[in-house]
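The values are calculated or read from the model by the stated rules, or taken from the named source; none is laboratory data. The structure presented is a predicted model; accordingly, all values stated were derived computationally and were not measured. Quick reminder, even Gly has a Cβ in these numbers, built from the backbone with ideal geometry, and neighbours come from all protein chains shown.
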Amino acid sequence: MTTIDANCRCGAIALKITGKPVVQLYCHCDDCQAAHGAAYVLSAIYPASAVEVERGKPTPMVVKATERMRCEDCGTYLFSEIARVGMRSVSAYLLPKGEFNPQFHVQCQHAVLPVVDNLPHYKGFPASFGGVEEFVDW
């Protein structure tokens, strides 16, 4: 079984991530934009039980609606809880190089600028995530 040891920038918080992600994606929602000060966020989504805090105590932060966990000392965003489906959305910046393999973009209705690549660009979420198969055309 695959295991990833991940740390915040200062090393105060350590995560142990076990297994493979359910999905990896780019999120363009306005909540992610506000929380991260970025046009989009790189996210690797795992079952909540696969993401364990081994050292330190993450601090919760809510900017709009989503509770995100971060390191209080250095501010590194670690993960957010997707409690209604028992998942954790881990910042893909914490993964080792080569481990982030995005499958699609979501919430492109909020995109700051077009991102042109060969991945699907969903206006909201794909049907498999409770959305509809509606895409944006850049």
Conditions (1) in contact with a Phe, Trp or Tyr (Cβ under 6 Å, 6 or more places away or on another chain); (2) part of a loop (DSSP other than H, G, I, E, B); (3) within 18 Å of P21 (Cβ to Cβ): number failed by P114: (3)
Those residues that are at pLDDT below 95 and within 15 Å of L15 (Cβ to Cβ), I need them from segment 60-98; list them, please. E81
Looking at (1) surrounded by 14 or more Cβ atoms within 10 Å (Cβ to Cβ); (2) without any contact (Cβ under 8 Å) to a residue 12 or more places away in the chain, which is the only condition A50 fails? (2)
Under the condition of being closer than 24 Å to K16 by Cβ and of a type outside the set (A, V, I, L, M, F, W, C), which residue from segment 29-45 is modelled with the lowest pLDDT? H36
Scan of segment 76-96 for residues that are among the hydrophobic types (A, V, I, L, M, F, W, C), over 9 Å from P47 (Cα atoms) and either in a helix (DSSP H, G or I) or out of contact with any Cys (no Cβ under 7 Å at 6 or more places or on another chain) (or both), ordered by number: F79, I82, A83, V90, A92, L94, L95
Within segment 119-138, the residues that are without any contact (Cβ under 8 Å) to a residue 12 or more places away in the chain and among the hydroxyl-bearing types (S, T, Y) are S128
Can you list the strands (runs of 3 or more DSSP E) found entirely within segment 28-69 that contain at least 1 residues being closer than 20 Å to Q103 by Cα? 41-47
Selection from segment 53-112 of residues basic (K, R), surrounded by fewer than 20 Cβ atoms within 10 Å (Cβ to Cβ) and touching a strand residue (DSSP E or B) at 6+ places or on another chain (Cβ under 7 Å) yields R55
Do we find a residue being more than 23 Å from A111 (Cβ to Cβ) and under 12 Å from the mean Cα position of the chain (by Cα) anywhere in segment 27-47? yes
Residue check for A12: surrounded by 14 or more Cβ atoms within 10 Å (Cβ to Cβ) and either in contact with a helix residue (DSSP H, G or I) (Cβ under 8 Å, 6 or more places away or on another chain) or under 21 Å from P60 (Cα atoms) (or both): yes
